Every structure is written in C-alpha cells, then in structure tokens.
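Colleague: My questions will all concern the structure given below.
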Amino acid sequence: SELIRGFLLSGMPCPSSCPPGLLALMAPGLALIATFSLPSQAGDRRALPVEKPSGVKGRTLILLDVNTKSPVRIISENFLSLQLDPSIIHDGWLDFLSSRRLVTLARGLAPAFLRFAGKRTDFLQFHNVKNPAKSRGGPGPDYYLKNYEDDIVRSDIALDKQKGCKIAQHPDIMLELQREKAAQMHLVLLKEQFSNTYSNLTLTARSLDKLYNFADCSGLHLIFALNALRRNPNNSWNSSNALSLLKYSASKKYNISWELGNEPNNYRTLIGRSVNGSQLGKDYAQLRSLLQLIRTYSRAHLYGPNIGRPRKNVIAFLEGFMKVAGGTVDAVTWQHYYIDGRVAKVTDFLKTRLLDTLSDQIRKIQKVVNTYTPGKKIWLEGVGMTSAGGMNNLSDSYAAGFLWLNTLGLLASQGIDVVVRHSFLDHGHNHLVDQNFNPLPDYWLSLLYKRLIGPKVLAIHVAGLQRKPQPGRVIRDKLRIYAHCTSYHNHNYVRGSITLYIINL
C-alpha cells in the first residue's frame, strides 16, 4: 500500500497523461497544507475526507512551507547521469548500443553524462585495429553467427538526419542469440567477481566508435575512465596505451571527458598491489599534462579519484590525492552502495536508517574537499543498491524506487553536483533497462525526474502534527519531501512553477 506521490504546484492543470500515483494540486500560495493517511490507499486520489476503514491509522496533518526567495543550491543540468560498465565488451551488448530503442530510452534521460567505467576499467586495453578477429584470420568470439559484426553494421538501416547517427533495427534472431551469449558470459563474469581474478578486456577502435556513437546520438556526454593499473617498475602510471586511445579519439574529434582508474583504494584487493593517494595524484597530473599536449583535449575535463565508501583508510587516500591533484580535477568523485547482497526483503528498501547512511558520507567527503579546495564540485559517481550487482526482483523492482528517489533528493539538497546511476543497461540488477530493452521502474522514475526537476533547489520546512506522538517515530523520518523550481525545459508549466516530490515510507 506504500505509494510515491509527486505533488506538482503549478498555475496550469496537470496534463491528462499524468502517470498513476501522481497528484496535481492547484496551489496559488507558497504554503501548502496536506493530509495523509499512513499507510495510504494506492488507488485513492480524492482530496475529500474518506471514511476510515477499520485498522487504518489516524490522519496526519502536514504543513509545508517552501522558501522561493532564492535557491539554496543550484545543481548541474546533468545532475542525473548514467553509467555503462566495461563488461558490455565481454558479453557483447556493446555491439547493440546502436539499437533505435536503446537510443530512444537514453535520449529521454538527456542531458546527462555517460560514464564508461566499472570494476573492469583497470583491465581495459585499447587496440587501434578495426576487427582483431578478422586480422588474425581466425573466428572471433561471435562464432555462432557468420560475419556477425558486418551483419550488425548492415542492419543500421536508418540514419538520424540531424546528427548522422547510426541507429539500428536489429533482427529478433540476432537479439535472441545475443541474450543467449550474454547469459553464458554472465556466469563467467560472476566467477571472476567471486574469485577476484579478472581477465583483460580489449577495446578496439570499432568498439570505441560504437560507444561514442551511442553517447552522441543520445545527447549524452561521454566520460571515459582510463586503465590506471598499467604501472611502471617504480609504480608510476604507464601512459602508453592511454596515449594511443587519446590520439585515436582526437583523430575522430570525439568530445570526451576523462578519468583515471576506478575505486583505486581497492587495488590491493584486486591485484595485491596498492597505489596510495599521493601517487594517484601524481598520475592525474601526468594525465593532465598528456591532455594538454593533444589539441582536441587541451581543455578537456578531468574527474577523480572515484574512491569507494569513505572509511578511515579511504579518507586518508583522498587527503593524499587532494594535496597533490586537488587543483587538477574539475570535480571530486566517489562511489556509494547502500547494502550488501544479503538483503532479501522489500522492507529493507524502506528503512530510514538505510536511507540516511548517505548523509554521513557526504559530510565526510565535503570536509576533506573543502579543506584543500574550497568550493570544488563533488560528484557521487557510481551509485547503486549494492556493489555486488543488486538482487533479482528487488533492486530492479518498484520497491527500489524509494531508495533511488531519496538519493536524488538528498544529494541535490546537500549540494552534490552530479549523481551517476550504475547502470543504464545490463550490469547485475541495478540497471534501468533490461536485456529485452524494456525500461524498469527506476527508469520511469528517472524520466519523470528529468522532465520535472530543474537545477534550482529550494529550502522546504516541514511541520507535522500527530494525535498520539510515538517515541522514536518522527514524521520527517517517514515522509521525505524535496522542492525544486520546475525544469524550464518543460513547456507544460509556466515559469515560476515549483515541483515537490514526496516519498511516503
């Protein structure tokens, strides 16, 4: 019976296509009084008092006061952004990024960043050849389909006239074969994860072309994370392979931003070889110098260090990095995963204690960043329900939406500039789109967010009156309420409109 309800304050009526569960209110004033039944009845949209069924708790009066004088924060236009994991090279989904359906779904979430990174970032090798299998003269990994890649290219039957994009309508048989291949490869990837031994990945020039085509056609800005585990004997970064990739991208005039490595504080666990924060800072300075030598990327943005959860040793890592490279990066990045794979109940997604774990991490990161580079932008780059890829029928279900929407509200209100959702497609069960290219519940929530929420965050004061206050159960813990100026890209609402989103736990 739990229901997420968004309240849209506007001088215009709600469009007739409002999804179920949304309630539009005509509110000429800035103060709003709302009544809630806890729990609410999912189908009940009436504002009039209804007869209380036996067993339903008493009503609660909520007073909301939105301060519209000036925004408390202004977040990036790309606030809600996306991630693709390099495992899509292994399991073959990279070849299908030109799908018209996938491009259409991604366009719905633009403008956004598309971060190409994950656990296999630091096992990625670039080879500037079009098709290594054919140049060897032997069968490629896609042996079950003759001339597989050429068939995909030939199935690019439509061109986006505005951008010259390659957009494909892949035959059903091809998608069916790909799903079979991906299912088999998924077992291999799981085995690698549990044994903590990862095989190298080869990114060809053609694969990079496909990745960039997807980002560009979808209106997404690509952020590419380079392999940081290619090391010289003195443990400094070996940039030779990265230079080859940079030169190829520059020759194609690809507009890309860059990173170096993924969760570098975890390298000892990955390969038994550690890199400390100050060393990674020197590596970033080296990468910045490299970018400045290439005209196309002399002003390219650089982000990092993409650390994991800020425990004591990770904070020390970040401090070492900031001392050396705080001025080198355009935003400081970290990752957050809420829970481990043992969580197996829907109610786990509604725990206030779980929802609030993020606040403490934000404060820890902000403290370090503001010590070394006050005012530097901070991104949460890589967020999901769990680091182990999520739980089937849970983290890819409607229930996970409570956690996702609260994450967006919390980060925006606390001044985090960008949040990168892991993952857009195919990685574990945290993704937004499944292997049939169907959008999952969190996709629709993200789409609604993109359509309605503008970058100006408003302060909101919430007061609750309960008939019989219960110790330890404060109304603000059960209702999470956030307010923004409505997106000015949305022409269904007049300028000056406000969007409130309310999570009822």
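Where a number appears in this text, it was derived from the coordinates with a stated rule and is not lab data. What you see is a predicted model, and the numbers here were worked out from it, not measured in a lab. A quick note on method: Cβ atoms are made from the backbone with ideal geometry, for glycine too, and the neighbour counts reach across all protein chains shown.
Colleague: Let me see the pair-distance distribution of the range 268-321: every alpha carbon pair, 10 Å bin width, integer percents in order.
Modeller: Result returned by the calculation: 22, 43, 25, 9.
Colleague: Which order do peptides 114-123, 323-332, 209-218 fall in by mean Cβ count within 10 Å, highest first?
Modeller: Descending packing order for the listed peptides: 114-123, 209-218, 323-332.
Colleague: Using the per-residue mean of other Cβ atoms lying within 10 Å as a proxy for protection, in what order, highest first, do the peptides 290-298, 220-228, 314-322 fall?
Modeller: 220-228, 314-322, 290-298
Colleague: What residues qualify as long-range amide H neighbours of Leu61, i.e. H under 5 Å apart, gap of 5 or more or another chain, H built at 1.01 Å from N?
Modeller: Amide H neighbours of Leu61, under 5 Å, 5+ apart: Leu465.
Colleague: Quote to one decimal, in nm, the extra length available between Arg295 and Arg273 on full extension: 0.36 nm per residue of separation minus the C-alpha distance between them.
Modeller: 4.5 nm
Colleague: Rank by packing, highest mean first: peptides 189-199, 89-99, 441-451, with packing defined as the count of other Cβ atoms within 10 Å averaged across residues.
Modeller: Per-residue mean Cβ counts within 10 Å order the peptides as 89-99, 441-451, 189-199.
Colleague: Something else: Calculate the spin-label point distance for Lys191 paired with Lys478, positioning each point 7 Å from the Cα along the beta-carbon direction, and give it in nanometres.
Modeller: Computed distance between label sites Lys478 and Lys191 equals 5.0 nm.
Colleague: Oh, and also: Can you work out ³J(HN,Hα) from phi for every residue in the range 184-195, in order, using Karplus 6.51 cos²θ - 1.76 cosθ + 1.60 and θ = phi - 60°, giving whole Hz and x for Gly and Pro?
Modeller: 5, 5, 4, 5, 5, 5, 5, 4, 4, 5, 6, 8
Colleague: Take the eigenvalues of the Cα gyration tensor for the range 161-278, scale each by 5, and report the square roots as semi-axes in whole Å, largest first.
Modeller: Rounded to whole Å, the semi-axes are 30, 23, 11.
Colleague: Still on this structure, I have one more. For the range 357-362, just list the computed ³J(HN,Hα) in residue order, Karplus coefficients 6.51, -1.76 and 1.60, θ = phi - 60°, integers in Hz, with x standing in for Gly and Pro.
Modeller: For the range 357-362, the Karplus-derived couplings read 5, 5, 4, 5, 5, 4 Hz, x marking Gly and Pro.
Colleague: Efficiency by 1/(1 + (r/R0)^6): what FRET value for Gln366 and Gln184, r their Cβ-Cβ distance, R0 = 45 Å, to the nearest 0.05?
Modeller: Between Gln366 and Gln184 the formula returns 0.55.
Colleague: Ok, one more. Quick one: if you stick a label point 7 Å off each Cα along the C-beta vector at Gln414 and Val346, how many nm between them?
Modeller: 2.8 nm
Colleague: Working out 0.36 nm times the residue gap between Asn490 and Leu175, then minus their Cα-Cα distance, what length gain in nm do you get to one decimal?
Modeller: 109.9 nm
Colleague: Moving on. Can you give the local net charge around Leu425? Use residues other than it whose beta-carbon is closer than 10 angstrom to its beta-carbon, Lys and Arg +1, Asp and Glu -1.
Modeller: -3
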